[in-house]
Number of protein chains: 2
Amino acid sequence: MPAPVRFELQATDPGSAARTGVLHTPHGAVETPAFMPVGTQATVKGVLPELLRASGSRMLLANTYHLALRPGEGVVARLGGLHRFMAWDGPILTDSGGFQAFSMSDRASLTERGVAFRSHLDGSLLDLTPERAIAIQESLGADVAMVLDHCPALPAEKSAIAEATDRTIRWARRCKEARSRADQAVFGIVQGGAHADLRRECAERLVELGFDGYAIGGVSVGESPDEVRKAMEVTSPHLPTDQSRYLMGVGRPQDVLDAIAAGVDLFDCVLPTRNGRNATCLSMRGPVRLRNAAHKADPRPIEEGCDCPACSRFSRSYLRHLFLAGEMLGPILASIHNLAFLHRLVRTAREAIGEGRYVQFRAEALEALGP
Amino acid sequence: MPAPVRFELQATDPGSAARTGVLHTPHGAVETPAFMPVGTQATVKGVLPELLRASGSRMLLANTYHLALRPGEGVVARLGGLHRFMAWDGPILTDSGGFQAFSMSDRASLTERGVAFRSHLDGSLLDLTPERAIAIQESLGADVAMVLDHCPALPAEKSAIAEATDRTIRWARRCKEARSRADQAVFGIVQGGAHADLRRECAERLVELGFDGYAIGGVSVGESPDEVRKAMEVTSPHLPTDQSRYLMGVGRPQDVLDAIAAGVDLFDCVLPTRNGRNATCLSMRGPVRLRNAAHKADPRPIEEGCDCPACSRFSRSYLRHLFLAGEMLGPILASIHNLAFLHRLVRTAREAIGEGRYVQFRAEALEALGP
């Protein structure tokens, strides 16, 4: 049976591990590197599908844990699956819930069998085994499902990280055995903390099992940017060049540029929409804080030269007014701009890689962005 | 000098005072009857301009009181006026602040000179005389400004209503004398409560003064639907047929149908967007409450046959999920549908008037809508 997704490698950068490609999915092709906005509850907060597309979004992420609890994957399936439910006809990836076992650890109890959650909504039980994580994701029907992984909290003893890594591999095998949909890819998740040997072993064993793509997990969980960089750098070389690589939970512009240099193709993060809701906008000259009094009568857009649905017609003055007045349109427009910014950043990175000048591009971009 | 707006009467209904027309403004023409969404703070809550247009909106309302306090009319003027500030290139009408003197009476003190407000934001003083109300509206730059009126709270002694009506006429004269923009219309506001003689006198004296259109004010202030109907019926005959008539603050579908029958051309109300934010949607079969458990897996749109940006692709199931999950997209989509519903209602009323069958249309619509 043909693979549900196919990664087509296009260009590689001479000065780094950066690369461009196309991820072909049942719902269309995505040029990589690509940033995936997060639609945790089957909606990217405040942004309608056509505005996502206008901002440059091509592939979205949604969350197994949240959707299983509400509205329930059965409801989504009865409504024709996640694409139809949320009216997004492009590719979707669903996270497995493994990250929530970490981020909501006070509500989760993890055993070899799986993760038992007490719902953050009503205290009911969600018994998330690897098999159930796949079954839920098959009901949701995203183009790409993720294996259930064990993401350890850092800092931790190496032995604890090794145990989580081994469990991640065992769970990955169970996920692979449980899958039944020919039109849905499953990506493995590499754990191992900042330990090169654990990352390498995990990557090799997952590749041996064979997945449709590979994610680098266990980052954005409290470690330093240097540790993230190290995790990527030690993992990427052990992943197949002809499959896509996804760095989970990373969206700070500087970190995205680093990850691209390490050969990562896909990213997701709540940062652009969460910061947008808090009136903080991304720009190539550093953050623009829209509540700042300096913007009171500023006719400029959030970022000059940006052609997003926010910048093409609204001033900082208007946006500041919306935020001070508590108007929904403020968070909506700031989120749209932040998404457009990140999509443009990875698109220009892609162009630079294609022209063999990514190292220079990255250096200039980091200089402009500031710390 | 040419009139800033011109009302072109088109058809009149044989069985009622209903009529169709076109209001020509500096920012384009509006077919009437027309419903104006309320953008109090220079934004219709949660709805981007292109979605307003897609919902059928052609002319918006914004508020002098709110915008004078925040961001200040000077800021709006520096940013190029209200149209450019909020990126709406269609016609706009600004309310004068007279209604806020009623609705925020605990913060307002009214004398012959004008209304002194204590800001609901920071307690600062807004001294809203008729002259200042016009000056602020000229800075905002809407196509239509409203005179400052005295809207009495009901029930009230007839003598108190008569006093408010007289003051409204005196203030209207001061507004007319204060106006200086040739590209901005000013509408007079007829007060007089449910008293036919006061309404008539007010209408006649305002027409004598001469305005670019006339509003029926002092409704939606606690009186019964019957009293509203009476206020309209006794006022309309005393207004020029070749100028537009605007019923302020009315948006309940049944009341809109009544008002159209009485010869009203323009309406505004927060109802569609406020109800939308509360998950209550308008439909020709009565209200649809989106939080209702019955919609849990309902694949139908809010209203079958509706082609609005919400109904054309989202199910009740999805909308219910958004509201239960506290997602912004719920209020956004419900507001869009409610606007589309009201715009469709007045558009089909317009067609019925054009075909001389408004009485039947209204009866059938009221039957379908329920009480």
Query - Residue among A:Ser220, A:Ser180 that alone is of a type in the set (Ser, Thr, Tyr) and closer than 26 Å to A:Leu342 by Cα - result: A:Ser220
Query raised in the report: Got a sec? Which helices (runs of 4 or more DSSP H) wholly within the range A:240-336 have at least 2 residues that are away from every other protein chain (no Cβ under 14 Å)?
Result: A:253-261, A:271-277
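Among the residues of the range A:40-51, what is the count of those that are buried (at least 23 other Cβ atoms within 10 Å of the Cβ) and out of contact with any Lys or Arg (no Cβ under 8 Å at 6 or more places or on another chain)?
6
Among the residues that make up the range A:45-54, is at least one of them out of contact with any Asp or Glu (no Cβ under 6 Å at 6 or more places or on another chain) and farther than 18 Å from A:Thr273 by Cα?
no
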**Report entry** Residues located in the range B:34-88, provided they are among the small types (Gly, Ala, Ser) and away from chain A (no Cβ under 11 Å)
**Finding:** B:Ala34, B:Ser55, B:Gly56, B:Ser57, B:Ala62, B:Ala68, B:Gly81
Query raised in the report: Just a yes or no: is a residue in the range A:32-47 at pLDDT below 95 and either more than 19 Å from A:Met146 (Cα to Cα) or not assigned by TED's automatic domain parsing to the domain that holds A:Met328 (or both)?
Result: no
Query raised in the report: For A:Phe102, all conditions in the list (1) touching a helix residue (DSSP H, G or I) at 6+ places or on another chain (Cβ under 9 Å); (2) within 25 Å of A:Pro37 (Cβ to Cβ); (3) crowded, with 18+ Cβ neighbours inside 10 Å hold save one; what is the number of the exception?
Result: (1)
Requested in this report: Go through the residues of the range A:258-272 one by one and say whether even a single one is more than 30 Å from A:Pro4 (Cβ to Cβ), open to solvent by 10 Å² or more (accessible area, probe 1.4 Å) and either in contact (Cβ under 8 Å) with a residue 24 or more places away in the chain or within 21 Å of the chain's Cα centre (by Cα) (or both).
Outcome: no
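If I ask for residues that are assigned to a helix (DSSP H, G or I) and not hydrophobic (A, V, I, L, M, F, W, C), which ones from the range A:103-162 would you list?
Result: A:Ser103, A:Ser105, A:Asp106, A:Arg107, A:Pro130, A:Glu131, A:Arg132, A:Gln137, A:Glu138, A:Ser139, A:Lys158, A:Ser159.
Just a yes or no: is a residue in the range B:93-107 under 30 Å from B:Leu333 (Cβ atoms), within 14 Å of another protein chain (Cβ to nearest Cβ) and in contact with a Leu (Cβ under 7 Å, 6 or more places away or on another chain)?
No; the residues of the range B:93-107 include none that is under 30 Å from B:Leu333 (Cβ atoms), within 14 Å of another protein chain (Cβ to nearest Cβ) and in contact with a Leu (Cβ under 7 Å, 6 or more places away or on another chain).
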Query raised in the report: Considering the range B:275-311 alone, what residues qualify as being among the charged types (D, E, K, R) and either surrounded by fewer than 15 Cβ atoms within 10 Å (Cβ to Cβ) or without any contact (Cβ under 8 Å) to a residue 60 or more places away in the chain (or both)?
Result: B:Arg285, B:Arg289, B:Arg291, B:Lys296, B:Asp298, B:Arg300, B:Glu303, B:Glu304, B:Asp307
Requested in this report: Out of B:Ala145, B:Ala135, B:Ala194, report the one residue that is modelled with pLDDT of 95 or more and open to solvent by less than 40 Å² (accessible area, probe 1.4 Å).
Outcome: B:Ala145
Query - Residue identified as open to solvent by 10 Å² or more (accessible area, probe 1.4 Å), touching a residue at least 24 places away in the same chain (Cβ under 8 Å), outside the structural domain of A:Gly39 (by TED's automatic domain parsing) and within 18 Å of A:Gly56 (Cβ to Cβ) among A:Arg320, A:Arg316, A:Arg347 - result: A:Arg347
Query raised in the report: For the range A:76-97, does any single residue satisfy the condition of being among the polar types (S, T, N, Q) and part of a helix (DSSP H, G or I)?
Result: no
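Test B:Phe341 against the stated conditions and say whether it is within 30 Å of B:Thr12 (Cβ to Cβ) and either acidic (Asp, Glu) or open to solvent by less than 10 Å² (accessible area, probe 1.4 Å) (or both).
Yes; evaluated as a whole, the condition is true for this residue.
The values are calculated or read from the model by the stated rules, or taken from the named source; none is laboratory data. Since the structure is predicted, the reported quantities are computational estimates derived from the model, not experimental observations. Heads up, the Cβs are rebuilt from the backbone with ideal geometry, glycines too, and the neighbour counts pull from every protein chain shown. Heavy atoms of the whole protein, side chains included, go into the accessibility calculation; ligands, DNA and RNA do not. Shrake-Rupley method; radii C 1.70, N 1.55, O 1.52, S 1.80 Å.
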